[in-house]
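> Take a look at this one; I'll ask things after.
The values are calculated or read from the model by the stated rules, or taken from the named source; none is laboratory data. In this text, all values refer to a predicted model and were calculated from it rather than measured experimentally. Ideal geometry is used to build each Cβ from the backbone, glycine not excepted, and the neighbour counts take in all protein chains shown. With ligands, DNA and RNA removed, areas are computed over all heavy atoms of the protein, side chains included. Shrake-Rupley method; radii C 1.70, N 1.55, O 1.52, S 1.80 Å.
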Amino acid sequence: MKKFFYLISGIYGQWFLKLFFLSLLILLLSIILGTGLTLLRQSQNRLTRIIYRIYISYFRGVPLLIHLLVFYYALPPIVKLFSDHLNLHVDTLHLNPIYAVLISYTLYAASFLSEIIRSSFKSVGKDQLEAAAALGYTKYQQFFAIKLPQALTDAIPKILNYYTLLIRQLSLAFLVSVVDIFAKSKLESADNFYYIESFLAAALVYWILCIALTLLFSNYEKYLRRFERSNAA
């Protein structure tokens, strides 16, 4: 029992911050990329819409683990190719695997978040845009002043719910030598043979984190609904 609480308070507490900041960075990057993909989908250019569909179909149709392994093994030769071309000295043999995690998870998450953002854009009423056009707003002004703020208000709760899934998915990063809470529990169990304590402690940390985030996000969603009702009134 002492070992159980030692793992939670001491060891896993340190890796909790790493997991939190890594997942937050992936979420921010995937929101930016997902918004860009949504704009591609809404483009009048047929080629950009085809690129969007291929991207969404590929990243949503292939398991995340395969994306992770592909970038883990493909990234060093790609970096070496560009570094040699630009006469840069990059040690590709000791390239940090966290870059493969960042790229693969960001591209994968963006394929899901783009659909969330796209549906949020569609939820904005056309009558508001028509009224803005009647007042002399340009298309760019309509987008940034009316469409984007309302779409983000609708999308943020859904994006935050996806964030809890993203945190759990990061346990796969252990397969490419990135240490997180799950990886630390596996290493601790291998070193000290505390298998039950190690994995139960990791499970409890994930559970507490997801409960805390779910409560935080649900309260934030209630705040957004109250804010919308007050504006409507």
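> How large is the charge dipole for the chain, taken about the Cα centre, if only the Cβ atoms of Lys, Arg (+1) and Asp, Glu (-1) carry charge, to the nearest 20 debye? Mind dumping the intermediate values first?
Working: 22 positive and 12 negative charges, 139 e Å.
With only Lys, Arg, Asp and Glu charged at Cβ, the dipole is about 660 debye.
> Could you tell me what % of all Cα pairs in the stretch 99-233 have separations over 18 Å?
68 percent
> At a 1.4 Å probe radius, carbon and sulfur cover how many percent of the accessible area of the chain?
After summing per-atom areas, the C and S share lands at 67 percent.
> Between TYR195 and ASN87, how many nm apart are label points set 7 Å from Cα along the C-beta direction?
5.7 nm
> Would you please classify the overall shape of the chain from the alpha carbon gyration tensor, given that a ≥ b ≥ c denote the square roots of the eigenvalues, rounded means a/c under 1.5, and beyond that prolate means a/b larger than b/c while oblate covers the rest?
oblate
> With springs connecting C-alpha atoms under 10 Å apart, model the chain as a Gaussian network and identify which of SER123, SER185, SER198 has the largest mean-square fluctuation.
Greatest mean-square fluctuation among the candidates belongs to SER123.
> With unit charges on the beta carbon (Lys/Arg positive, Asp/Glu negative), name the residue among LEU200, LEU135, LEU102 whose Cα is farthest towards the positive pole of the charge dipole of the chain.
LEU135
> With helices defined as uninterrupted DSSP H runs, which ones in the chain have an alpha carbon span along their own long axis of at least 27 Å and mean Kyte-Doolittle hydropathy of at least 1.6?
Qualifying helices: 12-41.
> Also, quick follow-up: Gap in Å between the Cα centre of the stretch 184-218 and the Cα centre of the stretch 128-156?
The two parts, judged by their Cα centres, are 44 Å apart.
> Under the 0.36 nm per residue contour assumption, what length would be gained going from the current alpha-carbon distance of GLN141 and ILE54 to full extension?
Roughly 28.3 nm would be gained on extension.
> Same structure again: What percent does the relative contact order of the chain come to when contacts are Cα pairs within less than 8 Å and at least six residues apart?
27 percent
> In the chain, if the dipole is taken from +1 on Lys/Arg beta carbons and -1 on Asp/Glu beta carbons about the Cα centre, which of ILE211, LEU47, PHE21 is farthest to the positive end?
LEU47
> Sort the stretch 185-224 into rounded, prolate or oblate with this rule: let a ≥ b ≥ c be the square roots of the eigenvalues of the Cα gyration tensor; rounded if a/c is under 1.5, and if a/c is not under 1.5, prolate when a/b is larger than b/c, oblate otherwise.
Values: a/c = 8.79, a/b = 5.12, b/c = 1.72.
Verdict is prolate for the stretch 185-224.
> Same structure again: Put +1 on the Cβ of every Lys and Arg and -1 on every Asp and Glu Cβ in the stretch 18-167; which of LEU152, PHE121, LEU65 then has its Cα farthest towards the positive end of the dipole?
PHE121
> What does the C-alpha gyration tensor say about the overall shape of the stretch 66-173? Classify as rounded when a/c is under 1.5, otherwise prolate if a/b is larger than b/c, or oblate.
Here the stretch 66-173 falls in the oblate category.
> Between LEU165 and LEU17, what FRET efficiency follows from the Cβ-Cβ distance if R0 is 22 Å, with the result rounded to 0.05?
FRET efficiency, LEU165 to LEU17: 0.65.
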